[in-house]
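Chemist: Encoded as C-alpha cells, here's the structure I'll be asking about.
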Amino acid sequence: MRDLSVKNVEMVYEVPNGSNVHALSNVSFDLAAGRLLTLLGPSGCGKTTLLNILAGFLAPTGGQVTLGNDIITGPGQERGMVFQQGALFEWLSVEKNIAFGPNMNGADKAQTKARVDELLDIVGLGGFGDKQIYELSGGMQQRVALARCLANDPDVILMDEPLGALDALTREKMQKLILELWQETGKTVILVTHSVEEALYLGDRLFVMAPRPGRIERDYDLPFAEKGLHTDTREMKASPEFIEKREEVLSLIWEMEEEIMGRTEGV
Amino acid sequence: MSDAGMGARAGGVSGAIDGMDAAAEYALPASKAKKSPNKDRKTVTFGDSSAVRSDTRWSVIAFIGLILLWWVSTKPWGLDEAFKAADLSDAERITVCNQSEECGRDSYSQLAGPLTFPSIRDTWNAMGTLATEGFRGPTLWEHMRASLWRVVRGMFWGMVVGIPVGFAMGLSNKARGFFDTIVELFRPIPPFALIPLFILIFGIGDGTARNLLIFASIWIMIIAARSGVGAASLSKVRAAYSLGASKRQVLQKVLLPNALPELFTGIRVALGVSWGTLVAAELVGTREGLGAMIFAARPFFRLDVVVAGVIVIAVLGVFMDMLLRILEARLIPWRGKG
C-alpha cells in the first residue's frame, strides 16, 4: 500500500474564445494509504477533474501526482476506477466483466475463476456470475463495477459519483457495502459525490471544494465512516453531531452557490 | 433500471439483492398488455406510439385485399367454355378468342389486360415452369443462387473494406480527414448512375454487376463502422485502460464488440440497398440472376415470368431481413436494454 501525494496541481482549460477556465488551482494534499476521502462541492469546482487527474486520464497543466514513488502519467492498474454507470461491458457476462482486468494481463485462468467467485460473494452477487449485465438492476450493476475494479487488486479505488444514478434505498445499501469493502480490503478510496450526507457518512476524510478557480476550501477529518461500520446507519445519520456537521457543510456550499450567482449576475 | 418498487419489499432482508425480481414483476403486465392493448389502462393512446402495435388481423386483410385486387383486375370474364378448357395462358386464350368468330369481342372484360398485368393463374404456372425448366436457359433456382451469391459477395467485400476504414475514421484524425472527403463525395452517388462507367471499366457482364454491388454497400458499412466506434462511451474505454488493457486490447475487446449493434444496422441497410441495386446490376449483360431473368422475359412480353421474378425478389428480401433480425437478437441481446 502506497501513499498518494498531490503537489501544486493546476488545471487550466483553454476555451476557443481565448479565455481560460481555471478548473484546479494549486491543489496540494497528502493522503495516507487506507483512507477514504470524499470530494464534495458545487458543480464546476473541479472534483471530477481532480479524480480524472488521479486516475491518469487527464494530464495536469502544472504540478504532479505521485503514488508511492511513482509519478502518475497515465491510467494504470494500481488505480481502479468505478464510474457512475454505463462503464460495464454489456457483451460480457457478469463473471467475464469482473475477470476483464486479470484476463487482459494474461492471468492464470483457474486463479482468476476462484478470485471472481470470491469477489461475487464479497459484493453480494453470489450465484449471479453467468447473468448478463442488462438483466441486472442499477444497484447490482454498480456491485459488478466494484468487483471488476477489485479484481485487479488496486492500491487506490477512484469512484466518480458511483451511486449517483441509484434510488435512495439502493443507495443506502450500497453506501454500507462501500464502507464494508473499505474496511475489509484496507484500500485507499477516493469518492466524488454530490450528496452532502453521503460525503459525511462515507468520508473518513472530506474535502469541500470551491469553484472558480477550483480549489480545496475545507479539509475535514470525520468519525462517521468508522462509526458507521459498527452502528446503525439510520441512527447515526440522525445523531446530533452528524446533523451539526451536515448543516455546517451545507451552509458552506450555499455560500459558494450564492457567491457564484452574485458573480454571474454582476457580469 | 427500476428497483424502486422492490426496494420496499426487500428492505431489511439481510443481503437481499435488489432488482432481480423487479424484472419478473415487470414482465407479467407487459406480456398481458401484448394480448390486449387496452388492458394497460392507458387513457392517452392517440399519439403514444409505444401503444401502437401491428394488428395481425389487418395485416391478413391487407394481404387478402391485394390478392383479391389482383384476381379481380386480371380475371377474364365471360370467355366461352371451349376456350377455357384449352391448355393456354390467358393471353393466348384471348388472342385466340379475338381471332375466332365464335367468341364475340364483347363477351369478356378485364381491368388489366394480359399485356398489362398477368393473372394469378399465369404467374403461378410461370413459377412452376421456371422452377422446373426455366425460361430461356437457367432455372429459377440457378437465377436465385446467382443473385444471392452476387449480393453476398458484394456485401462481403463492402464489409472487409468498409469496416476497417470506418474504424480508422473513428480512431484517427488523419484517417477521418482523409476518408471524409472520399466518403462524402462518393456516398451520394446512386449506383445506377455509374453503370455506363462501370461497363466501360469492367466490361459487360458479371464484373460490372459485382462491383456495382460492392459500391452500393461499401459506403454504408464505412459509416456504420464509424458511428459504431463513436458509440463507445468514454467511461467504457477509460475503464478498460485502467483495468490494464492495451490499445490493441481496447480495440478488440471493447470497441469492436461495442460497435456490433451499429455494424448490424449497417449490414441490414446495406443488404436492403444491395438487393434493390441487384436488378439493375444484372441488367448489364449477366446471363444468370433474377434481374437478368426479368429482363430476358420482357422483350417476349412474358409478363407472367416478370411478375414471378418480382415476387421471388420480394419474398427473398423479406426472408433475408427476418434472418438478420433473428441473428441480431441472438448476437446482440443487450441491444436496446439497460
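The values are calculated or read from the model by the stated rules, or taken from the named source; none is laboratory data. The model shown is predicted, which means the values in this text are computed figures rather than measured ones. Every residue, glycine as well, gets a Cβ built from its backbone with ideal geometry; the counts of neighbours run over all protein chains shown.
Chemist: Looking at (1) surrounded by fewer than 21 Cβ atoms within 10 Å (Cβ to Cβ); (2) within 12 Å of chain B (Cβ to nearest Cβ); (3) out of contact with any strand residue (DSSP E or B) (no Cβ under 9 Å at 6 or more places or on another chain); (4) not hydrophobic (A, V, I, L, M, F, W, C), which one does A:K131 not meet, given that it meets all the others?
Modeler: For A:K131, the exception is condition (3).
Chemist: Let me ask something additional. Within region A:89-110, restricting attention to residues that are assigned to a helix (DSSP H, G or I) and touching a Gly at 6+ places or on another chain (Cβ under 7 Å), which residue is surrounded by the fewest Cβ atoms within 10 Å (Cβ to Cβ)?
Modeler: Keep residues of region A:89-110 that are assigned to a helix (DSSP H, G or I), which gives A:94-98, A:100-104, A:109-110.
Right, trim to touching a Gly at 6+ places or on another chain (Cβ under 7 Å) and you get A:94-95, A:101, A:104.
Numbers: A:V94: 25, A:E95: 21, A:G101: 26, A:M104: 19.
Filtering first and then ranking leaves A:M104.
Chemist: Kindly establish whether B:S217 is touching a helix residue (DSSP H, G or I) at 6+ places or on another chain (Cβ under 6 Å), more than 14 Å from chain A (Cβ to nearest Cβ) and surrounded by 24 or more Cβ atoms within 10 Å (Cβ to Cβ).
Modeler: Numbers: touching a helix residue (DSSP H, G or I) at 6+ places or on another chain (Cβ under 6 Å): yes; more than 14 Å from chain A (Cβ to nearest Cβ): yes; surrounded by 24 or more Cβ atoms within 10 Å (Cβ to Cβ): yes.
So B:S217 fits the description; yes.
Chemist: Separate question: Please pick out the residue among A:T73, A:T48, A:T66 that is over 14 Å from the mean Cα position of the chain (by Cα) and either at the interface with chain B (Cβ under 9 Å from one of its Cβ atoms) or not in a strand (DSSP E or B) (or both). Before you say what the answer is, go through the steps one by one.
Modeler: Details: A:T48 fails: over 14 Å from the mean Cα position of the chain (by Cα); A:T66 fails: either at the interface with chain B (Cβ under 9 Å from one of its Cβ atoms) or not in a strand (DSSP E or B) (or both).
Of the residues listed, the single one that is over 14 Å from the mean Cα position of the chain (by Cα) and either at the interface with chain B (Cβ under 9 Å from one of its Cβ atoms) or not in a strand (DSSP E or B) (or both) is A:T73.
Chemist: Quick test of your reading of the structure: B:L256 fulfils all but one of (1) within 14 Å of chain A (Cβ to nearest Cβ); (2) crowded, with 19+ Cβ neighbours inside 10 Å. Name the failing condition by number.
Modeler: (2)
Chemist: I'd like the residue in region A:51-63 that is assigned to a loop (DSSP other than H, G, I, E, B) and under 15 Å from B:L243 (Cα atoms) and, out of all such residues, is farthest from the other protein chains (Cβ to nearest Cβ).
Modeler: Keep residues of region A:51-63 that are assigned to a loop (DSSP other than H, G, I, E, B), which gives A:56-61.
Narrowing the set further to residues that are under 15 Å from B:L243 (Cα atoms) leaves A:56-57.
On the way: A:G56: 7, A:F57: 5 Å.
Restricting to residues being assigned to a loop (DSSP other than H, G, I, E, B) and under 15 Å from B:L243 (Cα atoms), the top hit is A:G56.
Chemist: Okay, moving on. Could you list, in sequence order, the residues of region A:193-211 that are charged (D, E, K, R) and in contact with a strand residue (DSSP E or B) (Cβ under 7 Å, 6 or more places away or on another chain)? Walk me through it before giving the result.
Modeler: The first filter runs over region A:193-211 and keeps only residues charged (D, E, K, R), leaving A:197-198, A:204-205.
Listed by number, the residues that qualify are A:D204, A:R205.
Chemist: Kindly establish whether B:T277 is assigned to a helix (DSSP H, G or I), of a type in the set (S, T, N, Q), in contact (Cβ under 8 Å) with a residue 24 or more places away in the chain and within 13 Å of B:L148 (Cα to Cα).
Modeler: Details: assigned to a helix (DSSP H, G or I): yes; of a type in the set (S, T, N, Q): yes; in contact (Cβ under 8 Å) with a residue 24 or more places away in the chain: yes; within 13 Å of B:L148 (Cα to Cα): yes.
Against the criterion (assigned to a helix (DSSP H, G or I), of a type in the set (S, T, N, Q), in contact (Cβ under 8 Å) with a residue 24 or more places away in the chain and within 13 Å of B:L148 (Cα to Cα)), B:T277 qualifies.
Residues checked against (1) outside the structural domain of A:Y220 (by TED's automatic domain parsing); (2) in contact with a helix residue (DSSP H, G or I) (Cβ under 6 Å, 6 or more places away or on another chain); (3) in contact (Cβ under 8 Å) with a residue 60 or more places away in the chain; (4) buried (at least 20 other Cβ atoms within 10 Å of the Cβ):
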residue	(1), (2), (3), (4)
A:M11	no, yes, yes, yes
A:P16	no, no, no, no
A:V21	no, no, no, no
A:S28	no, no, no, no
A:A33	no, no, yes, no
A:L39	no, yes, yes, yes
A:C45	no, no, yes, yes
A:T48	no, no, yes, no
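Chemist: Working only within region A:113-123, note down all residues that are buried (at least 19 other Cβ atoms within 10 Å of the Cβ) and either facing chain B (nearest Cβ under 9 Å) or among the β-branched types (V, I, T) (or both). Outline the logic, then answer.
Modeler: In the first step, residues of region A:113-123 are kept if they are buried (at least 19 other Cβ atoms within 10 Å of the Cβ); the result is A:115-116, A:119-120, A:123.
Selection gives A:V116, A:V123.
Chemist: Among the residues of region A:77-88, which ones are within 7 Å of another protein chain (Cβ to nearest Cβ), part of a loop (DSSP other than H, G, I, E, B) and either on the phi < 0 side of the Ramachandran plot or in contact (Cβ under 8 Å) with a residue 24 or more places away in the chain (or both)? Explain how you work it out, then say what you get.
Modeler: At the first step, the residues of region A:77-88 found to be within 7 Å of another protein chain (Cβ to nearest Cβ) are A:77, A:79-81, A:83, A:86-87.
Now restrict to residues that are part of a loop (DSSP other than H, G, I, E, B): A:77, A:83, A:86-87.
Selection gives A:Q77, A:F83, A:A87.
Chemist: If only one of B:F198, B:F167 is in a helix (DSSP H, G or I), under 29 Å from the mean Cα position of the chain (by Cα) and within 30 Å of A:F83 (Cα to Cα), which one is it?
Modeler: On the way: B:F198 fails: within 30 Å of A:F83 (Cα to Cα).
B:F167 is the lone residue from the list that is in a helix (DSSP H, G or I), under 29 Å from the mean Cα position of the chain (by Cα) and within 30 Å of A:F83 (Cα to Cα).
Chemist: When you go through A:A99, A:A110, A:A87 one by one, which is the residue that is small (G, A, S) and over 26 Å from B:P333 (Cα atoms)? Break it down into steps so the answer makes sense when it comes.
Modeler: Working: A:A99 fails: over 26 Å from B:P333 (Cα atoms); A:A87 fails: over 26 Å from B:P333 (Cα atoms).
When all the criteria are applied, what remains is A:A110.
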